[in-house]
Amino acid sequence: MDIETGYSDEVTKGFLTWSIIWGLVAVLVGVLISFQLIFPQLNFPPFLTYGRLRPIHTNAAIFGWGIGSFMAMFYYITQRLTRSPIWSPGLARFQLWLFNLVIILAAVTLAMGFNQSKEYAELEWPVDILVVILWVIFAVNIFMTIMKRKEEQMYISLWYIIATLVGVAVLYLVNNASIPVSLSKSYSAFAGANDANVQWWYGHNAVAMVLTTPPLAIFYYFFPKTTGVPIYSHRMGIIAFWSLIFMYLWTGAHHLLWTPVPDWVQTLAMAFSLVLIAPSWASVFNGYFSMNGQWHQMRENFLVKFFIFGITFYGLQTLQGPAQAVRTFSAFIHYTDWVPGHVHMGALGWVSLILFAGIYYLVPRLYHTQLYSVKLANAHFWLAVIGQLIYSISMWIAGVQQAAMLHAVNPDGSLHYSFMETLTELYPYWHMRAGGGVIYLVSLFIFIFNIIKTVQSGSAGAAPVRATGAA
Amino acid sequence: MLNLLEKKPILLLLAAVVVIMIGTTVTMIAPFKWINDPSLKIAGVKPYTPLQLEGRDIYIREGCNNCHTQTVRPLVADVARYAPGSTDGYSKVGEFVYDQPHLWGSRRTGPDLARIGGKYPDAWHNKHMEEPRSMVPKSNMPAYAFLKQPLDTSLTEKKMKALGFPYTPAELEAVKGKTEMDAMVAYLQKLGNDIPWRKAAAAAPLVGELKNPSAGNAAAVTDGKKLYEENCAQCHGADLKGDIGVALAELTKPEAELFSTVYQGMERLGMPAFGDALGKEKIWKVITYISSRKGQK
Ligand code: HEM
Ligand code: HEM
């Protein structure tokens, strides 16, 4: 526990360290699978084939990097916003161990092929149980801290945190319901189209409760801290919050357009996806309007760039997403490379940029020092953005091109291109994507180097004062 | 009201749960009443046999669903490509009632497999799984030669029981001694095979006079050669001397008959239908090429 502040930040440091490690693993595996799609010789059976590595990539990215960082930052934010120390620092330390155990087990069991096959819910039931224990510990600790808070009013970030805690719990429990056969094998409790509908209710709300509400909680806290001006509208924040968590739950079936799931479920999903633009953009505008008279900070304060680009990609993501949810457009781009383009604009441009910003903000404060190099942070920023744009843009073009070819029909009703003719057209784009991934990887190394240097200067105890001008 | 919530965490928590549960109830819980309704049953669809189920589990273990979907959408191009020859061969609810979990997938890096059963002979699958590029040169599918290892059958009965599928002792016995590859191929051959989409497909007639428009045309021979190498060589051999399929260079049948065979395929004999994938013009070019090779050594 920090004697000055009374807050215990050790566990935040621990989670940050490990989330960065898992983030690196996720990107390394991402780059590997992007090369496997070009050079199938890079599959090393049985453990390291594309089919087994892709879930390792998504799990390491979403759970290791994403959730790991959220845990770090939620503990930090909650203590500040409640003005009370963590309810149980011991439990939080145990949670860090359990978290790492779960991620390691996830990687090992997925490589061995223990897989429930549902996207983002691949882990087999024994690991699922550990995940549930992990989440309960986390939720109880955060919630108890909130219960005994010294600040009556709960700031927006805390609502998003609470929504995340209950939302993830409900989703995870339902979609992982299964009939175990052995320790490493189980069957889903639901069958066929029911199973699909439950899965995408889960899948899309994993986007809501893991890739949207936690980064928003982080954005709403660290962004005003960084700029030094409060968020533009509290009222808009409230309305956006309630409508966001209301609408998201209706939209799962936009992943199932044109499938045997009943039409009315699909239509509801499509309609709610479109109205979801409003609460999503309310947060975007809240960010932009807060910058009124402050835009000069984009040049002067490197961190502001991360936040503003991050919220901008969130804005683009929440326009593109609803478009994909429209039946006619879905008919075209569903199942193509367009979708990984969408996914990575969100994952890299929105979620990761916000997490980087939070980490850059936190590390110097946690280690009582200054950031080692703002120049390197800027280099990291630009390379990450360029890598991500190459990734997304090449995949959008690839997706549209393949879709156009797949749907091309001759006058006599036969198909104009065979499947392989469409696939061979994709190779150049897959090369570009892999190149974008490598650039992104380089940016990540720069980031990690910068953070290590910063931590070292802090633990050397050289300069206990910080003066980033951003507090 | 909203301002009150900001000061009462328990109330906020409960309110959030209620708000989340509204959409959940309507779009996730309620559809259980409509989906898998008995009236949507398809008579031919049977539970998996022990061997097919083991194959399905390997499909899951290897994550084939990361590259392959198993739903044909009711779109012109989807039906023509993945349920060729039919007009309503797209996927229906009743096909999936025994699928726990569903394997619809979200990405088609490779083609849809919902109707793969019966499209190719077992021999094709064996070779293709072992080294996809030996059959389809530019494929990026991983090689699965290691599936030739013996199948672990210790859990087979338990799995059948867990899913409530019927089985006979003879079926269980038959699984013993099989390889994982056998199981995988048995599963692939079942996909879409117990659904009546093919009957409609077979009925689609070839109308009009069957006369080769590109007969003797030298450019057509060149085009036909390329088409042959891409679509036929894997089974009939690069030299037309046969492999999985017959030696085409030795056939003496009239062109019109060859054309209808290629157009409609030979169901259950392992000759796929190319009518939808290639169209008449391209098929005639291939036939022209084959004719040009007749009698050549
Ligand atoms: C820049 C480094 C990265 C590369 C090269 C990369 C590469 C890939 C590739 C090749 C796929 C499979 C796409 C397909 O099915 O065709 C994929 C999927 C995915 N990746 Fe990444 N990735 C990277 C970083 C990340 C990060 C940091 C995250 C999350 C924070 C992430 C989240 C995902 C998700 C959720 C999917 C599944 C997408 C879907 O189902 O459509 N990736 N990635
Ligand atoms: C209004 C907000 C959004 C809507 C309506 C929306 C809509 C969609 C739709 C319709 C798809 C399915 C595409 C297809 O397979 O044809 C999709 C996929 C996806 N979206 Fe979004 N999106 C939104 C925001 C986001 C955000 C902020 C993220 C954050 C990273 C995100 C991440 C993903 C992921 C990971 C997938 C891939 C799922 C999979 O197939 O495995 N989306 N989205």
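Taking segment B:77-92, which residues are within 7 Å of chain A (Cβ to nearest Cβ) and either surrounded by 21 or more Cβ atoms within 10 Å (Cβ to Cβ) or in contact with a Lys or Arg (Cβ under 9 Å, 6 or more places away or on another chain) (or both)?
Here is the first cut: in segment B:77-92, the ones within 7 Å of chain A (Cβ to nearest Cβ) are B:77, B:80-81, B:91-92.
Within segment B:77-92, B:Ala80, B:Arg81, B:Ser91 meet the criteria.
Name every residue in segment A:237-247 that is within 16 Å of ligand 2 (Cβ to nearest atom), within 8 Å of chain B (Cβ to nearest Cβ) and open to solvent by less than 10 Å² (accessible area, probe 1.4 Å), in order of residue number.
Correct list: A:Ile245 only.
Considering only residues that are more than 18 Å from A:Ala193 (Cβ to Cβ) and open to solvent by less than 10 Å² (accessible area, probe 1.4 Å), look in segment B:61-76 and name the one that is nearest to ligand 1 (Cβ to nearest atom).
B:Gly63
Here are some residues: A:Leu101, A:Leu53, A:Leu110, A:Leu81. Which one is more than 20 Å from A:Ala163 (Cα to Cα), away from ligand 2 (no atom under 16 Å from the Cβ) and not aromatic (Phe, Trp, Tyr)? Before the answer, list the steps.
Working: A:Leu53 fails: away from ligand 2 (no atom under 16 Å from the Cβ); A:Leu110 fails: away from ligand 2 (no atom under 16 Å from the Cβ); A:Leu81 fails: more than 20 Å from A:Ala163 (Cα to Cα).
So the residue among A:Leu101, A:Leu53, A:Leu110, A:Leu81 that is more than 20 Å from A:Ala163 (Cα to Cα), away from ligand 2 (no atom under 16 Å from the Cβ) and not aromatic (Phe, Trp, Tyr) is A:Leu101.
Go over the candidates A:Trp430, A:Trp350, A:Trp382 one by one and state the one that is in contact with a Leu (Cβ under 6 Å, 6 or more places away or on another chain), within 16 Å of ligand 1 (Cβ to nearest atom) and not assigned by TED's automatic domain parsing to the domain that holds A:Ser34. Lay out the reasoning, then the answer.
Numbers: A:Trp350 fails: in contact with a Leu (Cβ under 6 Å, 6 or more places away or on another chain); A:Trp382 fails: in contact with a Leu (Cβ under 6 Å, 6 or more places away or on another chain).
Unique residue meeting the criteria: A:Trp430.
Could you pull out the residue among A:Val343, A:Val363 that is assigned by TED's automatic domain parsing to the domain that holds A:Gln456 and within 16 Å of B:Arg107 (Cα to Cα)? Can you show your working first?
On the way: A:Val363 fails: within 16 Å of B:Arg107 (Cα to Cα).
When all the criteria are applied, what remains is A:Val343.
Take A:Thr78 and decide whether it is open to solvent by 10 Å² or more (accessible area, probe 1.4 Å), part of a helix (DSSP H, G or I) and within 12 Å of chain B (Cβ to nearest Cβ).
Numbers: open to solvent by 10 Å² or more (accessible area, probe 1.4 Å): no; part of a helix (DSSP H, G or I): yes; within 12 Å of chain B (Cβ to nearest Cβ): yes.
No; evaluated as a whole, the condition is false for this residue.
Across segment A:185-210, which residue is farthest from ligand 2 (Cβ to nearest atom) among those that are at the interface with another protein chain (Cβ under 7 Å from one of its Cβ atoms), among the hydrophobic types (A, V, I, L, M, F, W, C) and in a helix (DSSP H, G or I)?
Checking each candidate, the answer is A:Ala193.
Do the conditions hold for A:Trp97, that is, is it open to solvent by 30 Å² or more (accessible area, probe 1.4 Å) and of a type in the set (Phe, Trp, Tyr)?
On the way: open to solvent by 30 Å² or more (accessible area, probe 1.4 Å): yes; of a type in the set (Phe, Trp, Tyr): yes.
Taking the combined requirement at face value, the residue satisfies it.
Checking the conditions here, which among A:Met405, A:Met395 is within 14 Å of chain B (Cβ to nearest Cβ), in a helix (DSSP H, G or I), aliphatic (A, V, I, L, M) and within 15 Å of ligand 1 (Cβ to nearest atom)? Spell out how you get there, then give the answer.
Details: A:Met405 fails: within 15 Å of ligand 1 (Cβ to nearest atom).
Only one candidate qualifies: A:Met395.
Table: residues versus (1) over 16 Å from the mean Cα position of the chain (by Cα); (2) open to solvent by less than 20 Å² (accessible area, probe 1.4 Å).
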| residue | (1), (2) |
| --- | --- |
| A:Ile162 | yes, yes |
| A:Tyr187 | yes, yes |
| A:Ala208 | no, yes |
| A:Pro215 | no, yes |
| A:Phe219 | no, yes |
| A:Gly228 | yes, no |
| A:Arg235 | yes, no |
| A:Leu249 | yes, yes |
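When the residues of segment A:285-327 are filtered to those that are more than 10 Å from ligand 2 (Cβ to nearest atom), open to solvent by 10 Å² or more (accessible area, probe 1.4 Å) and under 30 Å from A:Thr267 (Cα atoms), which remaining residue is farthest from the other protein chains (Cβ to nearest Cβ)?
So, considering only residues that are more than 10 Å from ligand 2 (Cβ to nearest atom), open to solvent by 10 Å² or more (accessible area, probe 1.4 Å) and under 30 Å from A:Thr267 (Cα atoms), the one farthest from the other protein chains (Cβ to nearest Cβ) is A:Thr312.
Counting only residues that are among the hydroxyl-bearing types (Ser, Thr, Tyr) and surrounded by 20 or more Cβ atoms within 10 Å (Cβ to Cβ), how many does segment B:25-59 have? Before you say what the answer is, go through the steps one by one.
Of the residues in segment B:25-59, the ones among the hydroxyl-bearing types (Ser, Thr, Tyr) are B:25, B:27, B:39, B:48-49, B:59.
Subset that is surrounded by 20 or more Cβ atoms within 10 Å (Cβ to Cβ): B:27, B:48-49, B:59.
Number of matching residues: 4.
Of (1) within 26 Å of B:Ala77 (Cα to Cα); (2) among the small types (Gly, Ala, Ser); (3) at pLDDT 95 or above, A:Gly413 satisfies all except one. Which?
Unmet for A:Gly413, out of (1) within 26 Å of B:Ala77 (Cα to Cα); (2) among the small types (Gly, Ala, Ser); (3) at pLDDT 95 or above: (3).
If you go through segment A:288-335, how many residues are of a type in the set (D, E, K, R) and farther than 26 Å from A:His380 by Cα? Step through it out loud before you land on a result.
Residues of segment A:288-335 that are of a type in the set (D, E, K, R), as a first pass: A:299-300, A:305, A:327.
Next, from what is left, pick out any that are farther than 26 Å from A:His380 by Cα: A:327.
Result for segment A:288-335: 1.
The values are calculated or read from the model by the stated rules, or taken from the named source; none is laboratory data. Here the structure is a predicted model, which means the values were calculated and not measured. With ideal geometry, Cβ positions are generated from the backbone for all residues, glycine too; neighbour counts draw on all protein chains shown. Accessible surface is based on the protein model in full, side chains and every heavy atom, while ligands, DNA and RNA are left aside. Shrake-Rupley method; radii C 1.70, N 1.55, O 1.52, S 1.80 Å.
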